[in-house]
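Read the structure below first, then the notes.
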Amino acid sequence: MTDIEIHTETIQLDQFLKLAGAVPSGGVVKELIAEGAILRNGAVETARRRKLSVGDVITIEGEGIYRVTRS
C-alpha cells in the first residue's frame, strides 16, 4: 500500500490517481471505472470525480493500492 499525501480536505478520484502517478490522464480513470477495475474501500467505484477523504483506500486491480493521507 502506498500512502499519498494531500493538502486539502478532499480530492477527486481522478486527480488523486494522477497525483499518485497511477494513471497518466483522467481518460484512463474513466476506462478503468467502466471496466470495474477501481475499488474504493473495497467497493467498485462508479464515479471518476468521487470525492475522496483522508483514510480512503483506492485499489486498481493489477496495479496497486493507494491510501489518502494528510500532512
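Tabulated data
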{"item": "Count of region 13-23 residues which are in contact with a Lys or Arg (Cβ under 9 Å, 6 or more places away or on another chain) and open to solvent by 40 Å² or more (accessible area, probe 1.4 Å)", "result": "1"}
{"item": "Within region 1-12, considering residues that are over 17 Å from Ile65 (Cβ atoms) and assigned to a loop (DSSP other than H, G, I, E, B), the one least open to solvent (accessible area, probe 1.4 Å)", "result": "Thr8"}
{"item": "Any hit, region 55-68, residues being without any contact (Cβ under 8 Å) to a residue 60 or more places away in the chain and of a type in the set (Phe, Trp, Tyr)", "result": "no"}
{"item": "Selection status of Leu17, within 9 Å of the chain's Cα centre (by Cα), assigned to a helix (DSSP H, G or I) and not β-branched (Val, Ile, Thr)", "result": "yes"}
{"item": "Residue match in region 24-38 (condition: charged (D, E, K, R), outside any strand (DSSP E or B) and surrounded by 15 or more Cβ atoms within 10 Å (Cβ to Cβ))", "result": "no"}
{"item": "Every residue from region 39-71 that is polar (S, T, N, Q) and either over 15 Å from Thr2 (Cα atoms) or not in a strand (DSSP E or B) (or both)", "result": "Asn41, Thr46, Ser53, Ser71"}
{"item": "Checklist (1) closer than 23 Å to Thr8 by Cβ; (2) of a type in the set (A, V, I, L, M, F, W, C); (3) at pLDDT 95 or above applied to Ala47, failing item", "result": "(3)"}
{"item": "Enumeration of residues in region 48-59 that are of a type in the set (A, V, I, L, M, F, W, C) and crowded, with 18+ Cβ neighbours inside 10 Å", "result": "Leu52, Ile58"}
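The values are calculated or read from the model by the stated rules, or taken from the named source; none is laboratory data. From a predicted model like this one, the values you see are computed outputs, not experimental measurements. Cβ coordinates were reconstructed from backbone atoms using ideal geometry, including for glycine residues, and neighbour counts include every protein chain displayed. These area figures cover heavy atoms from the full protein model, side chains too; ligands, DNA and RNA do not enter into them. Shrake-Rupley method; radii C 1.70, N 1.55, O 1.52, S 1.80 Å.
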